Amino acid sequence: MADAKIINYGQPIGAGSTAIPDNTSTALDIESTDANAEDYITIDTTEGSENMKFGVGASSDMMRFFANGTIDTSQANGYGIQAKTTASATAPVFIPNKNDPDTGIGRADADQLSLVAGGVEGVRITKAGGVAVVKISNGTAAAPSLHFAAADDTGFYSPAAGQIGATVDAGDAQGGRVLHLEGTEDTPGGKNNVAVGPDSLKNLLDLADQSSRGSFNVGLGGFANNKITTGSANLAIGRGSMWNARTSSSNNVGIGLNALLGDGIKSNNTAIGYQSGTAVTTGGTNTMIGYQAADAVTTTGTGTYIGASTAASAATGVSNETCLGYAAVGNGSNTVTLGNDTVGELRCEVTSITGISDQRVKNNVQDSSVGLDFINALRPVKYEKKHPSDYPEEIREERWSERTKTNISDTGEVTEYTVPADEKPSDWQPKTEYGLIAQEVKAAMESHNATDWQGHTITPNGTEALGYSSLVIVLVKAVQELTARVAELEAGD
């Protein structure tokens, strides 16, 4: 190590004199005696700029200590420590690069450290309950505060107090929020809403007046519950489920791709299955379960459709219609349809259906006059029933013909696709049945003043049908008439 020399620009340092004079350019300078070395220590006591310098090697490699508490280096990109008179979460004390003075470590308050970038607090380390707690800035959907190296617009953020969100490719036209969780209504900003998937619950979460947002909504899947705003208690699971359910729609359950997708305010519907209830606009209190169950219903309400491809008798104007079974088609308001047009038997442990016949539910009770003459006008026949695919087009069910369905893309574009017709089984054979011809029964009703008899009906598609059980009462009357004639004949003997 080279010898050192002391260069004193003030009073000599010796016995009885150790003071370094004030207000001199350089009070003390200790340097190496090696002609090629530039190691030194300098103390400057000039009024207002007191400092100490350490140099090692080249003169540019220097550290300086200032009277105001600031420490820095002569390196162009060196570190620095700045003196701060007040606590700050936006003006750092320790600076990794002295040319970037607003980026480093700051102090928000007692027992707190702040990581500051560009004058903005990004992370705060504090103490709570005896443990260290790390807090990060809220961020936004476009600039999440916790993101990954792969993309600055993909990560987590907090939209408001009591809320957590996640976003994916927010800077892309097709990207955006994919997760939103919030607390209960007792939590600031909480409404018990949960959104998982691109643009799920979008309009509700973007509502300007956050206090008027609906509560207890769940959207799971891309665009699920997309347009709900003030509505509550909606559950949408599956891409596009309840996509276009509007504003105040409430108390709906849509599970399955595009379930309850239709445009309108709807309430109290349950649709479970791919495209189940997909066209419902303002219809309410419907239950639709199964693949494409009741997928053409728009405003029809209070219907129950259970089974794949079940269908309402009409998209509008029908109520309290029930269909059960694959491809079962409804028969109008206040009717129950079991099975489709190929069902050949109904089986049960009981052999009859019990109906309410209490006198207290009946008005205008009169003796019936429809009896023996009406029965004698009927023509019992035997026949072979056609396969439903061979019915005339005007009464043939839709599934026996090629038909068009619609789908919707992520951009909202509606597209059409073709569904092939169901086919008649290759081994199908007709069977002989016994019964009556509905048109002939209707004619007998008209000719015997029995047009109010309920045994003959016309279904919504125009098919004429008979309720054979309604003939029981007519037969009872006919037997009574025959009994009277027998008694009359016996009396004549």
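Pull out the extension gain between residue 291 and residue 152, defined as 0.36 nm times the separation in residues minus the alpha carbon to alpha carbon distance; nm, one decimal. Walk me through the numbers before you get to the answer.
Details: separation 139, 0.36 × 139 = 50.04 nm, distance 4.06 nm.
The residue 291-residue 152 span can extend by a further 46.0 nm.
So if R0 is 30 Å, what FRET efficiency would residue 457 and residue 423 give, r being the distance between their Cβ atoms, rounded to the nearest 0.05?
The pair residue 457/residue 423 has a calculated efficiency of 0.50.
How do 361, 134, 370 line up, fewest other C-beta atoms within 10 Å first?
Listing 361, 134, 370 from fewest to most nearby Cβ atoms yields 361, 134, 370.
Determine the gain in length on full extension of the stretch residue 336-residue 248; use 0.36 nm per residue of separation and subtract their C-alpha separation, reporting nm with one decimal. Display every interim value, and only then the final one.
Values: separation 88, 0.36 × 88 = 31.68 nm, distance 3.14 nm.
28.5 nm is the gain from fully extending residue 336 to residue 248.
Measuring from centroid to centroid over Cα atoms, what is the spacing of segment 107-151 and segment 321-386 in Å?
73 Å
Hey, fewest Cβ within 10 Å first, where do 436, 346, 235 land in order?
On the way: 436 17, 346 8, 235 20.
The fewest-first ordering by Cβ neighbours comes to 346, 436, 235.
Take 358, 152, 199 and order them by how many other Cβ atoms sit within 10 Å, fewest up front.
Neighbour counts put them in this order, fewest first: 358, 152, 199.
Around residue 201, under 15 Å between beta carbons, what's the net of Lys plus Arg minus Asp minus Glu among the other residues? Display every interim value, and only then the final one.
Details: positive: 177, 191, 202, 213, 227, 239, 246; negative: 182, 199, 206.
It works out to a net charge of +4.
So what is the relative contact order of segment 85-137, in percent, for Cα pairs below 8 Å that sit 6 or more residues apart? Let's see the in-between values first.
Numbers: 121 pairs, mean separation 14.0, N = 53.
Reported relative contact order: 26 percent.
State the Cα centre-to-centre distance between segment 243-280 and segment 440-493 in whole Å.
When both Cα centres are located, 47 Å separates them.
Which residues among segment 340-375 fall inside the zone where the amide N is under 17 Å from a point 7 Å beyond the Cα of residue 482, along Cα→Cβ?
Once the point is set 7 Å along Cα→Cβ of residue 482, 370-375 turn out to lie under 17 Å by backbone N, inside segment 340-375.
Assuming R0 = 60 Å, what is the FRET efficiency of residue 449 and residue 405, from their Cβ-Cβ distance, to the nearest 0.05?
Efficiency, from the Cβ-Cβ distance: 0.80.
How far apart, in nanometres, would the label points at residue 169 and residue 379 be if each is projected 7 angstrom from Cα along the Cα-to-Cβ direction?
Each label point lies 7 Å from its Cα, and together they span 7.0 nm.
Say R0 is 30 Å: what FRET efficiency, to the nearest 0.05, do residue 102 and residue 127 get from their beta-carbon distance?
Working from the Cβ atoms, E equals 0.70.
Working out 0.36 nm times the residue gap between residue 208 and residue 349, then minus their Cα-Cα distance, what length gain in nm do you get to one decimal? Don't skip to the end; give the middle numbers.
Values: separation 141, 0.36 × 141 = 50.76 nm, distance 6.03 nm.
Taking 0.36 nm per residue and subtracting the Cα distance, the gain is 44.7 nm.
Placing +1 at every Lys and Arg Cβ and -1 at every Asp and Glu Cβ, with all other atoms neutral, what dipole size does segment 85-137 have around its Cα centre, in debye to the nearest 20? Spell out each step's value before the answer.
Details: 5 positive and 5 negative charges, 24 e Å.
About 120 debye.
What ranking do 292-303, 387-398, 455-466, 272-283 get when scored by the average of other Cβ atoms within 10 Å per residue, highest first?
Per-residue mean Cβ counts within 10 Å order the peptides as 272-283, 292-303, 455-466, 387-398.
What lysines does residue 386 reach when the alpha-carbon gap must be under 22 Å and sequence neighbours fewer than 8 apart in one chain are set aside?
424, 431, 442
Each value in this text was obtained by applying a stated rule to the coordinates, not by laboratory testing. Everything quoted here is computed from the prediction, not taken from an experiment. Neighbour counts are summed over all protein chains in view; Cβ atoms, including those assigned to glycine, are modelled from backbone coordinates with ideal geometry.
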